[in-house]
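One structure below.
Readers should treat all values here as calculations from the given coordinates under stated rules, not as data from a laboratory. The shown structure was predicted, so the numbers you read here are calculated from the model rather than taken from an experiment. Backbone-built Cβ (ideal geometry, glycine too); neighbour counts: all protein chains shown.
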Amino acid sequence: MIEKIFRVLLSAALLVGSVAAQSPTPAPPPAPAPTATLNAGNVIPGTAATPNPILRFAKLSPLGDSPDWSKLQAFAKTMTRPELEAVLKEIYTDNSTLPAAWRIESNALLIQTGDPANPEVRIELETVSKPPAESTRHWHRVSELQPLKDRPVLSDIHIALDPGHIGGNYGRIEERFLSFQPNEYIQEGDLSLVTAQVLAERLKALGAYVTLVRENLEPVTKDRPPALREPALKLLKEAGFPDPKEGYDGLTGDAKLLTVQWQSEKLFYRVSEIHARGKKVNIQIKPDLVVCLHYNAEAWGNATSPQFSPQNHAHVLVNGCYSPAELEQADVRFEMFHRLFARIHEEEIPLADSVAEGLLKATGLPPYVYTTPNARRVGANTAVYARNLLANRIYDCPVVYLEPFVMNHEETYRRLLAGHFVGRTLIAGRLQTSAVEDYVRGVVDGLVAYYQKHRKPL
């Protein structure tokens, strides 16, 4: 039974893993051993695909839309085969030896679409690398920005700040509510919004145009959990649970996860909410960069009696490290190749490196070390990892996804309870700075360093 539960929890069909665009949920079940054999480095993902039934590649991620594969033709003859092979191997895949949903020929990439009427899309490659047409993106590379000419360093840059989670009345169902004493608590959604508001003012003072993706303690999506009952029930049935329990009242652990209510809530705040933010970013805001603001947590056990963690750390995520199971989903596969061909990683990774350096210096935190196969080191900074999250996949521009501080680290918890302030105040018997202030200062320092270094000289 336990093996079946783990299989369900890790299945691309259920609402866990790659579709979760939020911070890691406290007290997750232990991860099973990966089923794929890691590539020893001599196999390039996608070069040896074997025939697969079309329907294997037709499935969609939860609440995902069928992709318009013709949009990839805008990138035809812009990338060479060695470039394509390199970014697949070094950034976008987990280097599994399992058959991929595409194959690479000498002059073309052929991707399985899952559409019986048009089962394969062919993207022509080129012998000489060419930049994609500017019409394929709304964001600007740092190399395209005008010289400053005595203007503030972040002038001409449109930054969208995406405060993670929702907070407010939704903090408990998001499982980001943390309290160790009556009448005191912190919520990640509340903290991320405060952080975004403080950060926005600092960035504006440096010349940036700043937009908040979420401006209050309310969801961006119009959906609510009850409206998502049918897709939640469908997910459970497809995963092998034809008659799941409706509610989770009185249930804990795996039994709770396998209820319609739990899956409906996850579809609401992890999927529908992020899709709504994605549309807002891509259609309305159209920024040059999205900074996703989160606070991390280690497993704290029972929410009614949480435990402090001795660990405190920081890391920064960019998009990448897709698993074969994730890439069986047509919309996920399309979104990966769209980001790849748009060369978003060329801007995203060095940005993440710079912000990570700023964060580590400002907070004094050590870099988090992933030991699971769902992330891989990229870039120059040891705190930067590639991971496939919904929020860093569907936003059509560079995304820097931040995870500093462990909320249930005792010192951090006390500092976060104190809120945002400038200077130092007495916390737990000694003078300490605001964790929010350190977070903001680290992001500002990282962004300033990047744009100072890479903008065109006068």
ask   = How big is the Kirkwood radius of the stretch 190-262, worked out from every pair of different alpha carbons and given in Å to one decimal?
value = 15.5 Å
message = Over the stretch 298-417, what is the relative contact order in percent, taking alpha-carbon pairs closer than 8 angstrom and at least six residues apart?
response = 43 percent
query = Can you give the % of DSSP beta bridges in the chain that are antiparallel, to the nearest 5?
reply = 50 percent
task = May I ask you to list the residues of the stretch 394-421 whose amide nitrogen lies under 16 Å from a point 7 Å from Cα along the Cα→beta-carbon direction of Phe308?
result = 406-418
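Taking the Cα centre of the stretch 51-128 as origin, work out the dipole magnitude from +1 charges on Lys and Arg Cβ and -1 charges on Asp and Glu Cβ, in debye rounded to 20.
Numbers: 8 positive and 11 negative charges, 31 e Å.
Value, rounded to 20: 140 debye.
List every DSSP H helix in the chain whose Cα atoms extend 20 Å or more along the helix's own long axis and whose mean Kyte-Doolittle hydropathy is at least -1.0.
Working: long enough: 188-205 (26 Å, 0.26); 344-363 (28 Å, 0.09); 435-454 (29 Å, -0.10).
Length and hydropathy pass: 188-205, 344-363, 435-454.
What Kirkwood radius, in Å to one decimal, follows from the Cα pairs of the stretch 260-345? Working shown, then result.
Details: mean 1/r = 0.0608 Å⁻¹.
Hydrodynamic radius (Kirkwood, Cα pairs) of the stretch 260-345 is 16.4 Å.
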ask   = What do you get for Rg/Rh of the stretch 218-295 when both radii come from the Cα atoms and Rh is the Kirkwood radius?
value = 1.09
query = When the C-alpha atoms of the chain are aligned to their principal axes, what extent does each axis show, in angstrom, from largest down?
reply = 67, 66, 41
ask   = If you project the alpha carbons of the stretch 102-231 onto their three principal axes, what span does each projection cover, largest first, in Å?
value = 65, 56, 26
task = Could I have the simple spin-label model distance between Leu206 and Thr97, label points 7 Å from Cα toward Cβ, reported in nm to one decimal?
result = 4.6 nm
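Could you calculate the FRET efficiency of Gln73 with Asp254 from 1/(1 + (r/R0)^6), where r is the beta carbon distance between them and R0 is 45 Å, rounded to 0.05? It would help to have the intermediate numbers written out before the result.
Numbers: r = 45 Å, r/R0 = 1.00.
For R0 = 45 Å, the calculated efficiency reads 0.50.
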inquiry  = Need the full-extension length gain, Ser179 to Thr382, defined as separation in residues times 0.36 nm minus the C-alpha distance. One decimal, nm.
reply    = 69.9 nm
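Hull surface divided by four, with the convex hull built on the Cα atoms of the stretch 59-118: how many nm²? Before the final figure, lay out each step's value.
Values: hull surface 21.5 nm².
It is 5.4 nm².
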Between the stretch 293-320 and the stretch 106-152, the Cα center-to-center distance that results, in Å = 36 Å
task = Sort out for me the Cα centre separation of the stretch 384-458 from the stretch 185-257, rounded to whole Å.
result = 20 Å
message = Taking θ = phi - 60°, what integer Hz values does the Karplus form 6.51 cos²θ - 1.76 cosθ + 1.60 yield along the stretch 269-279, in sequence order, with x for Gly and Pro?
response = 8, 9, 10, 4, 4, 6, 4, 5, 5, x, 5
ask   = With each pseudo-label sitting 7 Å past Cα toward Cβ, what's the Asp243-Arg122 distance in nm, one decimal?
value = 5.2 nm
remark   = With N residues in the stretch 335-458, Rg(alpha-carbon) / (2.2 N^0.38 Å) equals 1.21
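List the relative contact order of the stretch 59-188 as a percent without decimals, with contacts defined as Cα pairs under 8 Å and 6+ residues apart.
On the way: 111 pairs, mean separation 26.8, N = 130.
About 21 percent, as a whole number.
Given the pairs Lys222/Lys280; Lys77/Lys280; Lys149/Lys453; Lys204/Lys456; Lys279/Lys456, which are separated by over 23 angstrom at their Cα positions? Each step should come with its number before you reach the end.
Working: Lys222/Lys280 13 Å; Lys77/Lys280 31 Å; Lys149/Lys453 15 Å; Lys204/Lys456 21 Å; Lys279/Lys456 32 Å.
Those over the limit are Lys77/Lys280; Lys279/Lys456.
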key: Whether the stretch 393-458 is rounded, prolate or oblate, judged on the alpha carbon gyration tensor where a/c under 1.5 counts as rounded   = oblate
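When Rg is the radius of gyration of the Cα atoms in the stretch 358-409 and Rh is its Kirkwood radius, what does Rg/Rh come to?
Working: Rg = 12.2 Å, Rh = 12.6 Å.
Taking Rg over the Kirkwood Rh, I get 0.97.
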task = Translational diffusion coefficient, Stokes-Einstein: compute it for the stretch 101-175 using the Kirkwood radius over C-alpha pairs as Rh, at 20 °C and 1.002 mPa s, and state it as an integer in µm² s⁻¹.
result = 119 µm²/s
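Report the relative contact order of the stretch 93-167, percent, no decimals, based on alpha-carbon pairs under 8 angstrom and at least 6 residues apart.
Working: 39 pairs, mean separation 11.1, N = 75.
Worked out over the stretch 93-167, it gives 15 percent.
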note = Exposed GluC sites (Glu not before Pro) being those in a DSSP loop with at most 14 other Cβ atoms within 10 Å, the longest stretch of the chain free of them is 247-458
